[in-house]
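First the structure, in the form of C-alpha cells, and then the observations on it.
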Amino acid sequence: MQDDRIQEKLQRTLVLSVFKSFWASKESAIFPNIIYCRNIIPGPGRFGTSRNPVNNLIVAIQGIHYYLKNRPKLIIVGSSARVAPWYAHLKKIGFLSEAKLVALGQNYLSDRQVEQFEMIIVHSTREIDSHKNKIQEKFKFIHLPADGNFESLNIENGEYIFSGGGAGRDFISLIRAIEGTGLETKIITFSQKSLGFSEKIPDNCKIKWRLPRQEFLQYMAKSKFVVVPLLKGNYPHGHTTVVQALRLGKAVVSTKAASVEDYITQNIEGILIEPGNVFDYRDAIKLMAYDQSFRENCERNARIKAKKLTYTYFKNRLLEVVNEII
C-alpha cells in the first residue's frame, strides 16, 4: 500500500533538469515525468548547456505545457539554472497555483524568489546561512551524490598526490606548498586560466588538461590522497571533486570557509586549511603523506561518509521530499 501511494505521488510530480549526474542515472528513472533541458546551444562556461537562456526557455515552456495539460501537484526544478527564477515569478502572479515548487541546486535565488518555493534543496548548510532567518526553514540539506561509474575503477594507494577540478580552485597555494617537498603531484584542470599559475611549474608537479570524467576519476583512484584547494566562499564549489574522493575512500586535504565542512570534518575524513595558507597546506600534505596511520584512519572515515554520497541514497532522500510535500 505504501509503495502504491508513493508511486501515485511520483506520477503527480514533474522534474525539469539537465541530463547529467543523478538525473542521467538509472536511479532517477523512478521519476516517471522528467523533461530534460535540450542541448540546442551546447558548451561549457557561463553560457553553456545548463545556463544558456535559449536552452532554459525551451525546457521552461515545455514544463508550462505539461502543467496546463496534466496539472502536476509538485514541480522539481533541477539543474536548469534560469528556470527556477522564471517559475518563481509565475508562481507569484498565480499562474502555477495548483503546483508546489521545489528547487534543487539553485544557488542564486533571492529571498523573494525563495518565498515562492515549498523547499530549496542545498548541498551545503552554509548556503542556508546566507538567507534571512524567516525563510531558512524552507531549506533542506542533502549530501551531493558523487558523480561517476565507481564500480569500474581500479582503486589503489599510489605514490602521488592528486588534485583536480576547475571553478574556485586555489592551485597557486597547492603548487607553492608542494614545491621543494619532492612529493609527486598530479593536477588535472580545465585550462591555464583555471590553473591560475603563471610561474615555472616545479619538477615534482605534473599538469594535465581537461580529461573525460572516468579517466579523471581513474587518476584520482590511484593516488595516495587528494587535495582540493579552494577559494573562500559560501556557495558550493569543489564539492564534486570532494565527494568523488570520499566515494573512492581517499583522505582529503581541503579548505576552511569554502562550504565543504558538511563533507570533511577536521582530522576525521581529512584536514581543512585556512584559505591561501601555503605553510599550513605544506604541513598538512606532509602529515598525510608520511603518517600512514593518520591517513588510513581518514580513509576509513571517508568510506563511512561515502555511504551518504551515492545515487541510491540521494534518490531515497528525494522520495522523502516528494512524500512530505504531496
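FYI, it's all coordinate maths here, none of it is from the lab. What you see is a predicted model, and the numbers here were worked out from it, not measured in a lab. All Cβ positions, even for glycine, are placed from backbone atoms using ideal geometry, and neighbour counts span all protein chains on display.
Calculate the length of the line joining the C-alpha centroid of region 131-160 to that of region 194-243, in whole Å.
What the calculation gives is 16 Å, centre to centre.
So for Ser198, Ser223, Ser191, fewest C-beta neighbours within 10 Å to most, what's the order?
Ordered from fewest to most neighbouring Cβ atoms within 10 Å, Ser198, Ser223, Ser191 come out as Ser198, Ser191, Ser223.
Please work out the Cα center distance from region 246-296 to region 55-87, rounded to the nearest Å.
40
Which lysines have a Cα less than 20 Å from the Cα of Lys73, not counting those fewer than 8 places away in the same chain?
Within reach: Lys9, Lys91, Lys92, Lys100, Lys138, Lys140, Lys315.
Rg and Dmax of region 150-308 over Cα atoms: what are they, in angstrom?
Every Cα atom of region 150-308 included, Rg and Dmax give 13.9, 40 Å.
How many percent of Cα pairs in the chain exceed 23 Å?
60
Give me the percent of DSSP beta bridges within the chain that run antiparallel, rounded to the nearest 5.
Taking every DSSP beta bridge with both residues in the chain, the antiparallel ones total about 5 percent.
In terms of Cα to Cα distance under 18 Å, which lysines are near enough to Lys193, apart from those fewer than 8 places away along the same chain?
Lys206, Lys208
How much of the DSSP bridge set in region 150-308 is antiparallel, in percent, rounded to the nearest 5?
Around 5 percent of the beta bridges assigned by DSSP in region 150-308 are antiparallel ones.
Within 10 Å, count the other beta carbons around each residue, average over each peptide in 270-279, 3-12, and list them highest first.
With the highest mean Cβ count within 10 Å placed first, the list reads 270-279, 3-12.
Show me the ranking of peptides 154-166, 236-248 by mean Cβ neighbours inside 10 Å, starting with the highest.
236-248, 154-166
Kindly identify region 223-321 as rounded, prolate or oblate by the Cα gyration tensor criterion: order the square roots of the eigenvalues as a ≥ b ≥ c, call it rounded if a/c is under 1.5, otherwise compare a/b with b/c, prolate if a/b is larger, else oblate.
oblate
Run the dipole for region 150-308 about the Cα centre, Lys and Arg Cβ at +1, Asp and Glu Cβ at -1, nothing else charged, and hand back the magnitude in debye, nearest 20.
Magnitude of the dipole: close to 420 debye.
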